[in-house]
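A quick write-up on the structure given underneath.
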Amino acid sequence: MADGKIQVLILGSGPAGYTAAIYAGRAGLRTVVYEGIQPGGQLTTTTDIENFPGYPQGVSGQQMMDDFKAQAERFGTEVRFGIATKADFSGKPLKVEIDGEKWIEAESVIIATGATARYLGLESEERFKGQGVSACATCDGFFYRKKDVAVVGGGDTACEEATYLASLCNKVYMIVRRNVLRASKAMQERVFNTPNIEILWECQTKEVLGNDMGVTGALLRHNDGSEKTIAIDGFFLAIGHHPNSDVFKEWIETDSEGYIITQGKGCRTSREGVFAAGDVQDPTYRQAINAAASGCRAAMDAEKYLASQKA
Ligand code: NDP
């Protein structure tokens, strides 16, 4: 991309960010994407994606994101490493600080920073992060081949991670706090039909146990008050996500959980020229296809906004 003013600055490189880039680039707008903490976004930590239309045989998350990126670059988008650390949306141009060291100016900004995995908040969990505690089975499952592990949660992510881990590990416990799974019927069936997954119903984790070598077990409390210890080498969290909006909260409206509020069917935020797309503004649907669709809308909204500024 030639030097000059950035017309569309996109923060985040998941399906929302790259789709916005494809549309903005094709519209002839000078577009820059900052990849953020997890280049390619959450899909790069997934195995096969079977529900994105156009891939009858499924596609790996990494492959899909490589393709998104290549398509964005084909239309002139410049993709840069870097994380948004501050924003100043007080005037024009809009300003975003990258990596705590340089300010980037742009005529419009699309926030597509996604969401990050939640943890239980236990001190012992914090202590063993990276030493047996993980929020990404597809990233770290490899290290637990033929071992026993646990997955916390009862949603689609937990089921997906448990079945993935079951293909590598000796045994997978699912620690579920209620007596039902929140996951879709299809995912539940997959779990129920996997012989080396055992669901520990109505259990919560009191402590992650371990030593200098890492995790060795977990102390669980059943809802009836009884406690038991399971022996495990890996403890995987799959209890939902937190929207990555903290950097922008001073300038734009968010809901009580931090999801950016967008107006109507479009992607406008409460600040002129700033748009939001993907999981950072979607507490409900949170699927790649929805993120991509909102990236398209954000780019079209930005294009319209930029045209209105010239008129
Ligand atoms: P969800 O919010 O759907 O599920 C979170 C799970 O974690 C729930 O079972 C919840 O329990 C449990 N949980 C939350 N907090 C705690 C806690 N403190 N202690 C113990 N358990 C806890 O999140 P997911 O990440 O699973 O899914 C997010 C969205 O993404 C959903 O819309 C889902 O359908 C979608 N998704 C779709 C996939 C696909 O289609 N292939 C794959 C992965 C995700 P409780 O039920 O009691 O609240």
Considering region 176-223, residues that are within 12 Å of the ligand (Cβ to nearest atom) and more than 23 Å from E160 (Cα to Cα), and then whichever is most open to solvent (accessible area, probe 1.4 Å), we arrive at R221
Got at least one residue in region 152-161 being modelled with pLDDT of 95 or more, within 16 Å of the ligand (Cβ to nearest atom) and assigned to a strand (DSSP E or B)?
-> yes
Among the residues listed as G54, G17, G28, G91, the single one being in a loop (DSSP other than H, G, I, E, B) and closer than 28 Å to T157 by Cα = G54
How about region 108-145: which of its residues are in contact (Cβ under 8 Å) with a residue 12 or more places away in the chain, surrounded by fewer than 20 Cβ atoms within 10 Å (Cβ to Cβ), part of a strand (DSSP E or B) and not β-branched (V, I, T)?
-> A117
Of those in region 163-175 that are surrounded by 19 or more Cβ atoms within 10 Å (Cβ to Cβ) and without any contact (Cβ under 8 Å) to a residue 60 or more places away in the chain, the residue nearest to the ligand (Cβ to nearest atom) is I175
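Do we find that P93 is open to solvent by 30 Å² or more (accessible area, probe 1.4 Å), in contact with a Ser or Thr (Cβ under 7 Å, 6 or more places away or on another chain) and touching a residue at least 24 places away in the same chain (Cβ under 8 Å) in this structure?
no
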Residues in region 39-56: is at least one surrounded by fewer than 21 Cβ atoms within 10 Å (Cβ to Cβ), touching a helix residue (DSSP H, G or I) at 6+ places or on another chain (Cβ under 8 Å) and aliphatic (A, V, I, L, M)?
-> yes
Tell me which residues, restricted to region 289-311, are without any contact (Cβ under 8 Å) to a residue 40 or more places away in the chain and within 14 Å of I22 (Cβ to Cβ).
-> R297
Region 231-253 - residue that is surrounded by fewer than 20 Cβ atoms within 10 Å (Cβ to Cβ) and within 16 Å of the ligand (Cβ to nearest atom) and, of those, nearest to Y173 (Cα to Cα) | I239
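The values are calculated or read from the model by the stated rules, or taken from the named source; none is laboratory data. Predicted model only: the values in this text are computed from it and were never measured. So basically every Cβ, Gly included, is an ideal-geometry build from the backbone, and we count neighbours across all protein chains shown. Note: areas computed on protein heavy atoms with side chains; ligands, DNA, RNA excluded. Shrake-Rupley method; radii C 1.70, N 1.55, O 1.52, S 1.80 Å.
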